[in-house]
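Here the structure comes first, spelled out in C-alpha cells, and everything after it is commentary.
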C-alpha cells in the first residue's frame, strides 16, 4: 500500500499536492457545513473561499509585477486556502469588519512573500505573519476553526500525504511529542485528566493542521534533519496555550513566527539570479545547464536548490523544481543535469528553450544531507540510476579537484549506453584517484554495438562480486524513488546496516 501511495505522490509536485490536500479539506468543510455540523453555512463559507482567493491572487500579481519577480500562482492559492481554513466565515454578508479583516489578512499574507524578507529570503510563514499583524492592528484574529473533531479525518488524510511527500515525519513527530508533553505537564493533575487533555489537544485544537500544513511549509523550515527537529521542538513547546510573556499568551501563529526566526538564523540566507551560460548535451535526451551566478556561494557536494523559472501559462506542475547541484564547489559555474522526456512539463520546455547569455533563473533554499562523510577513511559505494548520477558528479569532481583520495566503488545503471552521463568525469576519477566505476545497462546491447560494461540490473550477486568488503562500506543511493527502495531492500537483505545506507532525497517534483 505504501508503494502505491509513493508512486502516486511521485507523479505530483509538492506544491500541487499541498493544493489538492487543502482543497480536500475545504470540500470537507463545505459538506460538514451543509449538514449543519459546522457553525456556518456553505454559502458563507464558499463566499469566503472566493473572496480570499481573489484578493490573494490579485495581490500576488500586483506585488510580483511591481518588484519584477516571477509569480507563483500555486503559492497564492495555497495561502488563500489556508486562510479560509483558519478564519471562521461570518453569519451573513453585511458584516463589514469581517470583510475588511479578510481583505487585509489576505493582502498582508501576499506582502510577506515579497516585502517581509531579508536577503531576498522568506523569514516568516505568510499566513502566520498576516494573522499576527491583523490581530495587532485590527484586533481581529484567526479562530483556527479547522481544529475540530469533525474536520480531523480530512486534516489527517491530507496532512499525512503532505508529510509523506516531503519526508518530514521526524519534525512533525517531534513537534507533537513536545507540544503534548508541555500541554499535559502544565495542566494535568492525574491520569484521567491528562488523557482527556491529550484527546482535546489532538482532536479539538488546531494542533493537527498546524503540524501537517503550517510547520512543513518548505521555505521557512531549516535545511537539515537535526535542525528541523529543533524547529519542531521550539514550535511544539510554544504551542501550549498556557505559555505567555506577561499578558501576551502564545497562539499558533506566534509560536510559528518564533520558530521561523530560529529557522532563518540557522538556514542559508542567499537567493541567486543565475544567467544561463551554456547548454551541453551529456547523454541521450539529457543536458547540463551551466549558469553564471550573480555572486559566489558555498555548498557541499550533493546538496540541492529550489529553482524558480517564471513563464507564461505554467501547467499543473508549476514553475518551481528542486534539482541537485551537479557542479562541484570547486567550479565557478553552477550546473544542473536534466533528463527530458516526451510530453514534458511547461517548466522543462521553458528551460530547454532558454537563451544562452540572456535568460535567467532563480535559485534558493540550499539544503540536503546527501553529502560526503567528513571521515575520508570511510569506504563508500555510490549507486546511481539514470539522471540520479548528478550528486555523484558533484562529489567526484570535488574529490578530483581537491585530490581527495577515498576508497570508492560506484555502480552506475542505465537503460542503454546512450543514457550514460558524465562518463568523462567518472573515468577521470578512476585514473587519477583509483575509484572503481562499474557501468551497467539493463536493455540488451544491440548487435554490433561495443559495450565494455556489464549488462542487467544491479543485484546482490553483482555487488558481492565487485565489492567483497561490502559489509564495511557506506552505501549512497540516488535515482528514482522506486530504484532507491529496491536497492535499500536488497542491501538490508545482504546484511548491510541501515545506518550505512544513505538515500538522496529532496521534496521531489514530477
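The table below lists the values:
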read-out	value
From the C-alpha gyration tensor of the chain, square roots of 5λ in Å	44, 26, 21
CD proxy at 222 nm, helix term only [per DSSP H run n ≥ 4: -39500 (n - 2.57); per residue of the chain; nearest 500]	-14500 deg cm²/dmol
Volume per residue that the Cα convex hull of the stretch 1-119 spans, once the total is divided by residue count, Å³	129
Gyration tensor over alpha-carbon atoms, the stretch 272-367, equivalent ellipsoid semi-axes in Å	20, 15, 13
Likely footprinting exposure, 463, 445, 213, fewest C-beta neighbours within 10 Å first	445, 463, 213
Counting DSSP beta bridges with both ends in the chain, the antiparallel % (nearest 5)	60
Approximate shape of the stretch 127-275 as ellipsoid semi-axes (Cα gyration tensor, √5λ), whole Å, largest first	26, 19, 16
The stretch 385-464 and the stretch 297-362: distance between their alpha carbon centers, rounded to Å	24
Cβ-based exposure ranking for 474, 122, 481, 452, in which fewest neighbours within 10 Å come first	452, 481, 474, 122
Column: log10 I(q)/I(0), Debye, Cα scatterers of the stretch 2-266, q = 0.07, 0.11, 0.12 Å⁻¹	-0.24, -0.60, -0.72
Residue order, fewest to most surrounding Cβ atoms within 10 angstrom, among 85, 433	433, 85
Computed over the chain: relative contact order in percent, which uses C-alpha pairs under 8 Å that are six or more apart	13
Mean Cβ neighbour count within 10 Å, used as a protection proxy, ranking 87-100, 140-153 highest first	140-153, 87-100
Principal axes of the stretch 380-503: Cα extent on each, largest first, Å	42, 34, 25
Crossing angle, helix 225-238 versus the chain [Cα axis fit, 0-90 degrees, rounded to tens]	10
Solution diffusion estimate, µm²/s, Stokes-Einstein, the stretch 18-66, Kirkwood Rh from C-alpha pairs, 10 °C, viscosity 1.306 mPa s	132
Residues of the stretch 373-407 with amide N under 15 Å of a point placed 7 Å along Cα→Cβ from residue 455	none
Packing-based ranking, highest mean first, of 331-338, 397-404 given that Cβ atoms within 10 Å are counted	331-338, 397-404
In Å, descending, principal axis extents of the Cα set of the stretch 89-190	44, 41, 29
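Bear in mind these aren't lab numbers, they're just calculated from the coordinates by the rules spelled out. None of the values given here were measured: they were computed from a predicted structure. A quick note on method: Cβ atoms are made from the backbone with ideal geometry, for glycine too, and the neighbour counts reach across all protein chains shown.
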